[in-house]
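Here's the structure, in structure tokens; my notes come after.
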Amino acid sequence: MAKKRYIQAINDALMEEMARDPKIILFGEDVEISMFGDTQGLRARFGADRIRNTPICEATLTGMAVGAAASGYRVVLHMMFSNFIYTGFDAIANQMAKLRLMTGGQMRFPITVLAGYGGGRSSAAQHSDTPYPALMNLGGVNVVVPASPADAKGLLKTVLRADNPTFFLEAGGRGAETAEVPDDDYTIPLGKAAVLREGRDVTIVAIGTMVKHGVAAAAELAGKGIDAELIDVRSLVPFDEDTVLASVRKTGRLVVADEARDRCSAASHICAVVADKGFGSLKAAPKRVTVPNVAMPYAPNAEKNVLPNATKIAEAAAALVNAKAGS
Amino acid sequence: MNSTNLDPTKDTLVPLLRRMLLIRRVEERLSADFHAGKLPGGVHLYIGQEAVAAGVCAHLRDSDTITSTHRGHGHFLAKGGSPRAMMAEIWGKQEGICRGMGGSMHVADVSKGILGANGIVAAGLAIATGSAFAAKLDKGDRVAVCFFGDGASNQGTFMECLNVSTLWQLPTIFVCENNNFSEFSPTATVTAGAIIDRARAFKIPCTAVDGNDVLAVWRAAGAAVEHARKGGGPSFIEAHTYRLHGHLEAEKSFLKSPYREDREIEEWRQRDPLRRFKDYLTGERICDGGEIDALEAEIAEIVEDAARFAEAGEPADPNLVFDIMFHEQRA
């Protein structure tokens, strides 16, 4: 074990997997300079064929990823800020997600799309979106949302070895956060949530950027005598329903913390799953802690106002625990 | 027919006629089957444009890739796709090339380098550019051809793909089939300037050809493919042609008013690429009428066999969609 920065863990996974598999190529805007640091040093190590800066043309880059993958390569496409996924959305929604079916299974798409998402840095509305609800709804791409350096590395290695198009969404602005990362060559399977804290009173499901707020909320609740169970989903597609349902069976209460806008968020999907399959064990209606259905404002105070945080999560959880049954 | 320094032999010419005939007769059958209510979905027919697919694909190998459009049957057949498997696909049958999951607009055969017809106008441009990038990384002499229409030239990805292909010297061959219509809109009403001038801005080889003259297409494509195979980078061909059938076969059922004159269609019928090529072959005494009749009979048999195969096929497996989509991960 060694302490590593989140972004370093991602960089390590790319380095190790590209060294292992010569068919992996990576391209995107400014991947040589690497604004986030995740692709730093790759060009020097793997050369200009495998690591390539591209023009700014997302609609073409996503299509090229499809074409290169259909022609035998394992493509990593770096889309920088997650909002730029929208610019390249046709080939994502209409090609990447659909061609495997439309060709009767003739084609597979080992494509990994990297992008940083989320707000909190006064990046304003076009550089701080949380786009995974739209991706989750496509029905043909995986969505991975690692919250810790160790998970980031283990999940990315799994994704880079798999044959399905996968969005690996990096928690924006969290690159410098450090935590222990195992030294050995390990992978983490998709669709397995992590229970970060066991508890009896309420289940908090946290997604990506919300995990650290969930950790703080659980500590805050413990101070008030509320024993929260905290789950990090780690991947949204595929999604680990079993772990969440088992927890709700134990606690009877559910709060989902999600940085997406509320309408059709990941949180609303998770609440729907629990309502469908865990209704009998619920003691209160599930709560979503999400972003209101607005664009992200720029000013720090205005942005803070709409973003979920530990206090909002703890308040929602405490309200559920303190609510009288049936109210 | 134009004369140039590239002189094809009879061994080249007859296969060109064969491909054009196959496309024409298969699509005539599809038109009849559609209007008889036998096909589950719509079809966008290539009738009148056969010289382009045939002239270009004659230079390609299985390892070369193509991307196509919603009007993709001709490219599929010209690149060596199976008429049986294509017709069965259009009928929605298990025996279809995509096992009934794609249909007319998505016929693909990866083993033949056919990366698919595509229902999104211009989508094939970037897929072909990505495939050309893969070809470049492979360091072989494979090429990638994207067939697209005049309508696609108005999508921003046209410029983007020309830019990347030129910048990286990729073996991408851009074949614009200007058939005079973007769906129902005459090209002149939606397109400023000449499409070829957009490509000329990149200083790559650009050629305008009569797309109803299969030899002209064949010559232009031969030069472009050779250029790409030698590492010379991308080329652009604009083939002027005409869509003799509608945007889709169903259009008469919903169009309230015509969008083109019968007279115009009739004028282009006089320039039918198939008739012109037959006249050329007989006029130049390369083939006699008997040879062409024999070829027609052979193609008719292939079409009849493919149509019967499609009609007799098993309905698609409705559970296949779940097997294909991430069968290894169910949640």
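A few comments on the model shown:
- Residue within region A:175-187 that is closer than 23 Å to A:Asp30 by Cβ, surrounded by 20 or more Cβ atoms within 10 Å (Cβ to Cβ) and more than 14 Å from chain B (Cβ to nearest Cβ) present: yes
Residue-wise test of (1) modelled with pLDDT of 95 or more; (2) open to solvent by 10 Å² or more (accessible area, probe 1.4 Å); (3) more than 7 Å from every other protein chain (Cβ to nearest Cβ); (4) not in a loop (DSSP other than H, G, I, E, B).
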position	(1), (2), (3), (4)
B:Met101	yes, yes, no, no
B:Gly116	yes, no, no, no
B:Val121	yes, yes, yes, no
B:Ala126	yes, no, no, yes
B:Phe133	yes, no, no, yes
B:Asp141	yes, yes, yes, no
B:Leu162	yes, no, yes, yes
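- Every pair of residues 6+ apart whose Cβ atoms lie under 7 Å, when the first sits in region B:268-287 and is farther than 18 Å from B:Leu22 by Cα while the second is open to solvent by 60 Å² or more (accessible area, probe 1.4 Å) and in a helix (DSSP H, G or I): B:Ile286/B:Lys10
- If the condition is being free of Cβ contacts under 8 Å to residues at least 40 places away in the same chain, open to solvent by 20 Å² or more (accessible area, probe 1.4 Å) and under 25 Å from the mean Cα position of the chain (by Cα), then region A:272-295 contributes A:Ala272, A:Ala275, A:Asp276, A:Lys277, A:Pro286, A:Lys287, A:Arg288, A:Thr290, A:Pro292, A:Asn293, A:Val294.
- Contact map, region A:155-172: residues that are part of a helix (DSSP H, G or I) paired with residues that are open to solvent by less than 10 Å² (accessible area, probe 1.4 Å) and small (Gly, Ala, Ser), Cβ distance under 9 Å, separation 6+ or inter-chain. Pairs shown: A:Leu155/A:Ala13; A:Leu155/A:Ser235; A:Leu156/A:Ala9; A:Leu156/A:Ala13; A:Lys157/A:Ala13; A:Val159/A:Ala13; A:Leu160/A:Ala13.
- All conditions but one from (1) more than 14 Å from every other protein chain (Cβ to nearest Cβ); (2) open to solvent by less than 10 Å² (accessible area, probe 1.4 Å); (3) outside any helix (DSSP H, G or I) apply to B:Phe174; the one that does not is (1).
- Within region B:103-114, the set of residues being within 30 Å of B:Val190 (Cβ to Cβ) and either surrounded by fewer than 23 Cβ atoms within 10 Å (Cβ to Cβ) or not aliphatic (A, V, I, L, M) (or both) comprises B:Gly103, B:Ser104, B:His106.
- A single member of A:Ser128, A:Ser235 is buried (at least 17 other Cβ atoms within 10 Å of the Cβ), within 30 Å of A:Glu315 (Cβ to Cβ), within 14 Å of chain B (Cβ to nearest Cβ) and small (Gly, Ala, Ser), and it is A:Ser235.
- Checklist (1) surrounded by 19 or more Cβ atoms within 10 Å (Cβ to Cβ); (2) not in a loop (DSSP other than H, G, I, E, B) applied to B:Glu28, failing item: (1)
- Within region B:61-94, the set of residues being away from chain A (no Cβ under 11 Å), in contact with a strand residue (DSSP E or B) (Cβ under 8 Å, 6 or more places away or on another chain) and in a helix (DSSP H, G or I) comprises B:His75, B:Phe76.
- Test: residue in region B:205-220 that is on the phi > 0 side of the Ramachandran plot, more than 19 Å from the chain's Cα centre (by Cα) and not basic (Lys, Arg): no
- A:Ala93 of a type in the set (Gly, Ala, Ser) and more than 14 Å from chain B (Cβ to nearest Cβ): no
- Scan of region A:90-100 for residues that are in contact (Cβ under 8 Å) with a residue 12 or more places away in the chain and open to solvent by 20 Å² or more (accessible area, probe 1.4 Å), ordered by number: A:Asp90, A:Lys98
- Among the residues of region B:69-99, those that are polar (S, T, N, Q) and either surrounded by fewer than 24 Cβ atoms within 10 Å (Cβ to Cβ) or out of contact with any Gly (no Cβ under 8 Å at 6 or more places or on another chain) (or both) comprise B:Ser82, B:Gln94.
- Residues located in region B:38-78, provided they are over 19 Å from B:Ala128 (Cα atoms) and among the aliphatic types (A, V, I, L, M): B:Leu39, B:Val43, B:Leu45, B:Ile47, B:Ala51
- Region A:254-269 residues that are of a type in the set (Lys, Arg), paired with ones that are at pLDDT 95 or above and not in a helix (DSSP H, G or I) (beta carbon under 8 Å, 6 or more apart): A:Arg261/A:Thr130; A:Arg261/A:Thr290; A:Arg261/A:Val291; A:Arg261/A:Pro292; A:Arg261/A:Asn293; A:Arg261/A:Val294; A:Arg263/A:Asn293
- With respect to the conditions (1) crowded, with 20+ Cβ neighbours inside 10 Å; (2) away from chain B (no Cβ under 14 Å); (3) touching a helix residue (DSSP H, G or I) at 6+ places or on another chain (Cβ under 9 Å), A:Met136 lacks only one, and its number is (2).
- Contact annotation: residue pairs with Cβ atoms under 7 Å, 6 or more positions apart or on different chains, pairing a residue in region B:303-331 that is closer than 30 Å to B:Arg18 by Cα and at pLDDT 90 or above with a partner that is open to solvent by less than 60 Å² (accessible area, probe 1.4 Å) and assigned to a loop (DSSP other than H, G, I, E, B), are B:Ala310/B:Trp91; B:Glu311/B:Trp91; B:Gly313/B:Trp91.
- In summary, B:Ile97 fulfils each of the numbered conditions (1) touching a strand residue (DSSP E or B) at 6+ places or on another chain (Cβ under 8 Å); (2) not in a loop (DSSP other than H, G, I, E, B) with the single exception of condition (2).
- Considering residues of region A:139-154 that are within 11 Å of chain B (Cβ to nearest Cβ) and assigned to a loop (DSSP other than H, G, I, E, B) only, the residue most open to solvent (accessible area, probe 1.4 Å): A:Gly139
- Residues in region A:99-125 that are more than 14 Å from chain B (Cβ to nearest Cβ) and part of a loop (DSSP other than H, G, I, E, B): A:Gly118, A:Gly119, A:Gly120, A:Arg121, A:Ser122, A:Ser123, A:Ala124, A:Ala125.
The values are calculated or read from the model by the stated rules, or taken from the named source; none is laboratory data. For clarity, every value in this text was computed on a predicted model and none was experimentally measured. For neighbour counting, all protein chains shown are included, and Cβ atoms are generated from backbone atoms with ideal geometry for every residue, glycine included. Heavy atoms of the whole protein, side chains included, go into the accessibility calculation; ligands, DNA and RNA do not. Shrake-Rupley method; radii C 1.70, N 1.55, O 1.52, S 1.80 Å.
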